[in-house]
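Presented below is the structure to which this report refers.
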Amino acid sequence: MEGVAALALSGVDKRFGAVHANRAIDLSVAPGSIHGIVGENGAGKSTLMGVVYGYYRPDAGSIRVDGTPVDIASPQDAIRAGIGMVHQHFMLVETFTVLENILLGAEGGALLARGEIEAREGLARLMAEYALDVDLDARVADLDVGAQQRVEILKALWRGARILILDEPTAVLTPQETDRLFALLAKWRAQGRTVVLITHKLREILAITDRVTVMRRGAVVATLETARTSQDELAELMVGRRVLLRVDKRAAVPGAEILRAENLRHVDVRGVERLRGVSFAVHAGEIVGIAGVSGNGQSELVETLAGLKPLAGGTIVYKGARLGPPGTADAARAVRHAHIAHVPEDRLRMGLIASFAARESAILGYHEDGELGPGPFLDPDATRRRTARLMAAFDVRPPLPDLRSGSFSGGNQQKIVLGREIDRDPDLLIVGQPTRGVDIGAIEFIHRRLVALRDAGKAILLVSCELDEILSLADRILVMFDGRIAGELPRAGADEKHLGLLMAGSAAA
Amino acid sequence: MMDDALAQAVSLLASTLRLAVPLVLAALAGLFAERSGVVDIGLEGKMLAAAFASAAVAHVSGSPWMGLTAAVAVSCALAGVHAYACVTQRGNQVVAGMAINVLAAGTTVVLAYAWFNEGGNTPALPDPARFRAIELPLAAALSGVPVLGRIYAGVVSGHNILVYAAAMLVPLVSFVVFRTRFGLRLRAVGENPHAVDTAGISVSWLRYRAMFACGALCGIAGAYLSTAQGAAFQREMTAGRGFLALAALIFGKWMPVPAVLACLLFAFADALQGRLQGVELPGIGVVPVQAIQAMPYLLTVLLLAGFVGRAVAPKASGVPYAKEK
């Protein structure tokens, strides 16, 4: 390591109750470099950065910035030490303007007026220098996620950050926006600033970082020169065993049409038109992938198809017959009875109930099955038996039907939900973000199960914001933008650049 | 006839102002609490405790200012308890607020019995121990001027100092909330405390300060009830004003000026019902007193149910702040 580290951690240790989130972490980040941190969910990356940013107090260990020991007890101390952070979930006040958000905590005086004038000038300079254009007077709630991220970066810069930590910054960006962000990070590096990039996308690590630290189960397992490593090596280090990153699958053999959506329209409670005439078909034995930046109508599409949200127009044809109107009291049940399974995007909000035992979450929606108990009663043993069977088939760990659903890791929760839905032998599976917040090992498993289901001749509609997931699973790809299908591509003819342009709404198919 | 109508109007408006003061102060108090993310249904209890403290201390000391100081102190102490329960201990805000109401309702009466033995009330205060009406300059001279002079003398002049204080607090609170650093942080912490925390600002300390501002304003409101508008503490004398103020705050969408206008509307209904009791209305006859007394409350229900539209509360309101994990 050349010279004094911009950021050095030694022996940082942090526990949350029984969870040992960080185990004696040593980390050294060279000045003027981009340092990647990778690890599965729950590996302790975010906790570690929370410690650096003063969000959590470590139980032991010390932090040095530019060689000077610093005591970071609060974000304020971190900001003073020149550390800025762009959080995965933006820390913005949505009802505020961009300027108010940037001023918050750096107001420049007890009255706002003077600070505002100063900030406008200074921010104009920063925006010009780093091509970070945002309208300072726009309400944050009205900005798209890319612009919101620029606000977060401006916030950090305005506070004089020399070390910038970005937590999963590309999760919400199109490939083009990602390129733009990386160009910005490269410029900083050239100016001698330091960047710590937390991500689970190994490709990005290889594309931009100088060095990379791999974390597993709260500990650092390796720090490598990026130039001398590979995706496969990183993945293996993260998981602790060899991982198959690519999904092996045969060409699809599409059969009869299972689902046809005709001109679907949906208007949300605020009167915003979320679906503006969406039409497509899904056949037996194929996976149709819907790509797009989140918030372009994918959630609404999934939820109308699953019977949860009403249509403002259009029809859903399932196996040649029209499906009843969604959004009514019985619609979701009717959908299930028709052998349509739904794995919702947000498993904690819609997929299962965190405070329920796994055996209760594992029967939700199918709890009226006769085999689970007589009449209106549930037989705990029957639910336990069924859940144990699901857990064995879907490799849920730990296989304890009575454990609280929320106590499972994200990947195992997802396997419970997926198992529940696939177990009923659906003809159509609608699945949203199947691997969001799921660790690599479980991703591999879930992907294989989805392909197996397809090979069994079932129709699958897959919605995902992870382009890699779409590219590795889908047989046909539809891109959604602004409530419409912006284009359709066969898997063979799809390249990332073209998809990215479609996702940004700036190209025709 | 014309003169008579004007006299009626002047007296109606003057009493509207007098009735509005505790509502306005309580609504502004609630604004600080709710904008910081603490739902405060304990406005009622803080006001009641303050009213008692104020009357009791004014009675003993003979000074309304001592009474006011005691009222603010007691109300702030209760606000501190509320903040401790809701912010530090992350308790349920509605339960904590209700506890304060129950505590105040019981304690004031018990202490009044124990100290003064007048059926749960405090002894009537002599004039020097109250905030008395102030005649503004030239009021008497101008009262002869038609309309404007009459309004100046009858509506604007002749109130006690707390009425004028409340009037000045409205623009002051507006300024603080929208034009100062504290106000920016206050609005932010009620919407997204995580953003405030990561900006290097203490969420707890901010909420404590907001609650103390809330307590101080409730204190003034309570003192007004027992030592300015009234001349003694009477059991349950707040009579739901804290809740009415909360309703006005929602109706005013958590903005100071609209909330104050809503308070004035409620106060006007109240003033009107006082005048309509026993009056024969053309075509209807005499309306039962109970029906007329219910009017301000009915108005509240109607307004809140029908005319508010979508009232969007500060997003983090009612949610105790906890870092993730």
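The values are calculated or read from the model by the stated rules, or taken from the named source; none is laboratory data. Since this is a predicted model, take the numbers as computed values, not measurements. Here the Cβ is made from the backbone with ideal geometry for all residues, glycine too, and neighbour counts use every protein chain on show. In case anyone asks, the SASA skips ligands and DNA or RNA and just uses the protein heavy atoms, side chains included. Shrake-Rupley method; radii C 1.70, N 1.55, O 1.52, S 1.80 Å.
Here are the numbers for the structure shown:
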{"item": "Kirkwood hydrodynamic radius over Cα pairs of segment A:132-219, then Stokes diffusion coefficient at 25 °C and 0.890 mPa s, in µm²/s", "result": "173"}
{"item": "Per-residue [θ]222 nm for chain A (sum of -39500 (n - 2.57) over DSSP H runs n ≥ 4, rounded to 500)", "result": "-9500 deg cm²/dmol"}
{"item": "Descending semi-axes in Å of the protein assembly as shown, equivalent ellipsoid built from Cα gyration tensor", "result": "58, 34, 26"}
{"item": "Most positive-pole-ward Cα, A:TRP188, A:VAL172, A:ILE153, against dipole of segment A:147-197 from beta carbon charges", "result": "A:TRP188"}
{"item": "Cα gyration tensor shape of segment A:235-294, rounded if a/c is under 1.5, else prolate or oblate by comparing a/b with b/c", "result": "oblate"}
{"item": "Sequence-separation-based contact order of segment B:2-238, relative, with Cα cut under 8 Å and 6+ spacing, percent", "result": "39"}
{"item": "At least 50 Å² of accessible area lost relative to the chain alone, listed for segment A:67-92 with a 1.4 Å probe", "result": "A:MET91"}
{"item": "Helix axis angle, A:380-393 relative to chain A longest principal axis, alpha carbon, degrees", "result": "70"}
{"item": "Inter-centroid distance (Cα atoms) of segment B:231-306 relative to segment A:396-469, Å", "result": "57"}
{"item": "Carbon plus sulfur fraction of accessible area for segment A:7-239, probe 1.4 Å, in percent", "result": "49"}
{"item": "Heavy-atom accessible surface that B and A bury in contact, both chains counted, 1.4 Å, Å² to 100", "result": "2200"}
{"item": "Given charges at Cβ of Lys, Arg, Asp, Glu: the protein assembly as shown dipole, positive-most of B:LEU172, A:ALA252, A:ALA392", "result": "A:ALA392"}
{"item": "Surface/4 of the Cα convex hull for segment A:1-138, nm²", "result": "10.7"}
{"item": "Angle between chain B longest axis and helix B:43-61 axis [Cα atoms, degrees, rounded to 10]", "result": "60"}
{"item": "Per residue value of the accessible surface for segment A:7-239 (all protein chains in place, 1.4 Å probe), Å²", "result": "39"}
{"item": "Eligible lysines near A:LYS497 by straight Cα distance, threshold 22 Å, same-chain separation 8 or greater", "result": "A:LYS201"}
{"item": "Per-residue HN-Hα couplings for segment A:193-202 [Karplus 6.51, -1.76, 1.60; θ = phi - 60°; Hz; x = Gly/Pro]", "result": "7, 10, 10, 10, 10, 9, 7, 10, 8, 5"}
{"item": "Whole-number D in µm²/s for segment A:351-393 (Stokes-Einstein; Kirkwood sum over Cα pairs; 37 °C, 0.692 mPa s)", "result": "313"}
{"item": "Rounded if a/c under 1.5, otherwise prolate or oblate - segment A:7-239, Cα gyration tensor axes", "result": "prolate"}
{"item": "Using distinct alpha-carbon pairs, which all enter the 1/r mean, Kirkwood radius of segment B:2-238 in Å", "result": "18.8"}
{"item": "Cα long-axis angle, helix A:145-158 against chain A (0 to 90 degrees, to the nearest 10)", "result": "20"}
{"item": "Normalised contact order of chain A, rounded percent, pairs of Cα under 8 Å and 6 or more residues apart", "result": "15"}
{"item": "Gyration tensor (alpha-carbon) shape descriptor, segment B:215-310, a/c threshold 1.5", "result": "oblate"}
